[in-house]
Amino acid sequence: MIEIIAAFARWSQLTANLILFGSCVFLAIIWQRKDILETPWITRLEKIFPWLAGVIVAGLIGILATTTSDATGDVANAWNPAVWLEVVQQTQIGHVWAARALLAMLLLGAVLRIQPVDRVRGHYAVWAFLAALPIIAGTLMSHSSADEMSFTAIAPYAIHILLAGIWFGALPAFLLILFNLRTDLGRTSLLTAIDYLKKFSAIALPVIILLMLTGVMVTDRLVDEKYHTLVASPYGWLLNIKLAILAVILVIAYQARYQWLPMLSREENKARISSAAHLTQWVRIEFILALFLVLFATILANTLPAKHAMIENWPYPFRFSINATWEDPDVPEKVWSGLALFGVALGTVWLGARLHWSGVVKILVPGVLGISSMALALPPLAVEAFPETYKKPAVPIDAISIVAGSHLYAEHCVSCHGPQGKGTKPVADPDLRDPTDLLTQQHTAKYTVGTVFHQLSQGIPGTGMPGYADKLSEEDRWDLINFLHAMSRGFDARLLGSMIVPETPSIASPVFNYSASDGSSGNLKDFRLQKNVLLVLFAWPQAKERFFQLAASYDRIRDLNTEILAVPIHQLTDAQLQQITEITPFPIVTEGWQKIKDTYWWYRRVRVVPDLSGKGMFPQHMEFVTDRFGYLRARWVAQFEGFGWQNVGALTLQLTQLNQEGEIMPPPGEHAH
């Protein structure tokens, strides 16, 4: 029940605000002289202004009551003004609500104060400005502001809502003018009224187009490339309904602008009356649809955004992916041909209007061409999908999970896929495929982590790969997938070297927990957005000379916004640790070192030494540079890459370059994808 009250409060408040704003904008635009105030439709319109301002205030009170209920988890608090006051005083949502309420009261006062006064155009401009303020303040409580409270995040949404108000808010005035045309007006009054309608129509279509463009910008932020959620989440379906309503409104607006409105100017009274009747009927429908559009918009604004939606059960046996299919034979040709045919379909829409085709032909020809274009372009982009295809990993990818997954891999997978994932000898049975190359194939665009989870759980038909749903827990399967992900990314890391490639972060550094000799502890993520990290994997006493170098350059390296973490690859005795700490001023990892070592071993490969046979080699000394955004940017393997960073100047040059870069990509997420 409280959800219904909340939805009604938000809808009524926003609807009243948009109508008051849009009506005032419309009146400010069409103002010509003061005798406009004597027209009956303006008198009727202005009578509802105080009521609209009052509904805005009442709606905000309802919003506060239901928000208090949600925030406290107690429905009874929805009716407790004392708890309302606490929410207003102690929460950011409450502060924003207070600003909205203050602006709404200011608007109500201005409407009541100015209405009895002889008005000029400026009064409507003032009302429109004051009505815009609560709308803009409301965007501070939107999804757009939830992730990032910045001008670039909020401005597109604020503009989107204001454009909606300019169009939707003026519809009541448009309807009142049409009702007024039913009376026996003089020629001058008739032409004036028609001029008002043409002015509204002239701005309505471009405003709706801008409304759609800003809507695309806002939606793009809230979907964040997770386009599959548009057909598998509540947010996506609500958005689709909203777009369907908007499409119908666009058709009505087009017909009004180019067919029925021009007929009002005809000399024949019968044609004018018929056109006015059509316009009144369809604009009334447009207004009702607009009310539903605002309703769905308010529900959408309080629904979990698509980019945060979790699709636990993908309902389709396929998905569309350009990245996964574009290199396949004939795919680009078919897709481009389909797009060209779709362009022809759009052209026939224009041609049908231009040549005045019959209604059936106008719909049939573009419809058939449009469906044919999709039948040509979409099937080549289809990839097999499973219920788990978009399932989100339940276990974050970190050193703990990766090492646990490596043990499971050694127990269940090595016999077929080999110790390094390249696969063992071919399968003798000609009906079975050879074991998959896990370093590359499973991590192309054809495989989501959910798809791999399905294959690991259910097995792969046509291969010797069994399902492990009854042998491994869900957490174990995610650990195994995290290991496969790290193994594959480690293979990609062979392209790294002792010199960074400027502005091309791509490989996330595996995160880990640690405790160090100097009493410090934490997680690699603690350094994000603050410092670069030089991770040194070493054997003792072989690394003694290198540690003298790093100790001598430590202040210089720290001045370059970089911390050193040294990780032993063997257990250190107390005597060895004491020797090291007497030399080095930087932390030596004493807890968590084994998991760090076992994880970063998979990132050891270099271009000239792919090291894919057998169990692989373990270099005695490796150094990794992670930038302050969490990406692995450079690596020096002393055994394979020669002199490298023994010249500390070569290392500091790379750190200097990293410090000159801004944020190119957001920090890596917590889960494999």
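The values are calculated or read from the model by the stated rules, or taken from the named source; none is laboratory data. Owing to the predicted nature of the structure, the values given are computational and were not obtained by experimental measurement. Here the Cβ positions follow ideal geometry from the backbone for every residue, glycine too, while neighbour counts run over all protein chains shown. For accessibility, only protein heavy atoms count, side chains too; no ligands or nucleic acids. Shrake-Rupley method; radii C 1.70, N 1.55, O 1.52, S 1.80 Å.
Stretched out straight at 0.36 nm per residue, the stretch from residue 203 to residue 328 would grow longer than its current Cα-Cα span by 40.3 nm.
Taking a virtual spin label 7 Å from the Cα of residue 372 along the C-beta vector, which residues in the stretch 332-351 bring their backbone nitrogen under 18 Å of it? Taking a point 7 Å out along Cα→Cβ of residue 372, the residues of the stretch 332-351 whose backbone N falls under 18 Å are 334-351. Using the Karplus relation 6.51 cos²θ - 1.76 cosθ + 1.60 with θ = phi - 60°, the per-residue 3J(HN,Hα) values for the stretch 230-243 come to 5, 10, 8, 9, x, 4, x, 5, 4, 5, 5, 5, 4, 5 Hz, with x marking Gly and Pro.
For residue 597, a cut-off of 12 angstrom between C-alpha atoms picks up these aspartates and glutamates, skipping any fewer than 8 places away in its own chain: 623. Only the Cβ atoms of Lys and Arg (+1) and of Asp and Glu (-1) were treated as charged; on that basis the dipole of the stretch 516-673 about its Cα centre amounts to roughly 420 debye.
For the stretch 433-485, give the magnitude of the charge dipole about the Cα centre (Cβ charges: +1 Lys/Arg, -1 Asp/Glu; no others), in debye to the nearest 20.
Details: 4 positive and 7 negative charges, 45 e Å.
The calculated dipole for the stretch 433-485 is roughly 220 debye.
Since only 549, 102, 252 are under comparison, the one whose Cα sits farthest along the positive direction of the charge dipole of the chain, derived from C-beta charges on Lys, Arg, Asp and Glu, is 252.
Please give the contour-minus-distance gain from residue 613 to residue 252: 0.36 nm per residue of separation, less the Cα-Cα distance, rounded to one decimal in nm. Walk me through the numbers before you get to the answer.
Working: separation 361, 0.36 × 361 = 129.96 nm, distance 6.84 nm.
Here the answer is 123.1 nm.
Using the alpha-carbon positions of the stretch 24-102, Rg (one decimal) and Dmax (whole number) come out as 18.7, 55 Å. Scanning residues 5 or more positions from residue 634 or on other chains, those with amide H under 5 Å from its amide H are 625, with H placed 1.01 Å from N in the peptide plane.
Using the structure shown, list the pairs from 307/615; 226/334; 391/471; 392/595; 391/595 with a Cα-Cα distance above 29 Å, or answer none. 307/615, as the Cα separations exceed 29 Å there. In this structure residue 407 has an accessible area near 120 Å², from a 1.4 Å probe over the protein heavy atoms. Selection among 9, 584, 235 by position relative to the dipole of the chain gives 9 as farthest towards the positive end (Cβ unit charges, Cα centre).
Ordering 10, 319 by accessible area with a probe of 1.4 Å, largest first, what comes out? Let's see the in-between values first.
On the way: 10 60, 319 15 Å².
Putting 10, 319 in descending order of accessible area: 10, 319.
Among residues other than residue 69 with Cβ under 14 Å from its Cβ, the summed charge is -3 (Lys and Arg +1, Asp and Glu -1). Which of these values of Rg and Dmax of the Cα atoms in Å was calculated from the structure shown: [x] 25.6, 84; [y] 33.0, 107; [z] 30.6, 102? It is the one labelled [y]. Taking all protein chains into account, the per residue accessible area for the chain stands at 48 Å² (1.4 Å probe). For residue 460, the residues whose modelled amide H falls within less than 5 Å of its own, excluding neighbours fewer than 5 places apart on the same chain, are 465.
Restricting the count to DSSP beta bridges whose residues both fall in the chain, what percent are antiparallel, rounded to a multiple of 5?
Working: 21 of 30 bridges.
Of all bridge pairs located within the chain, approximately 70 percent are antiparallel.
Ligands, DNA and RNA left out, the accessible area of the stretch 460-593 computed with a 1.4 Å probe is 48% carbon and sulfur.
Candidates 421, 460, 342 compared by Cα position along the dipole of the chain: farthest toward the positive end lies 342, with charges placed on Cβ.
Expressed as a whole percent, the accessible surface of the stretch 255-410 that belongs to carbon and sulfur atoms is 67, based on a 1.4 Å probe. In this structure residue 665 has an accessible area near 70 Å², from a 1.4 Å probe over the protein heavy atoms.
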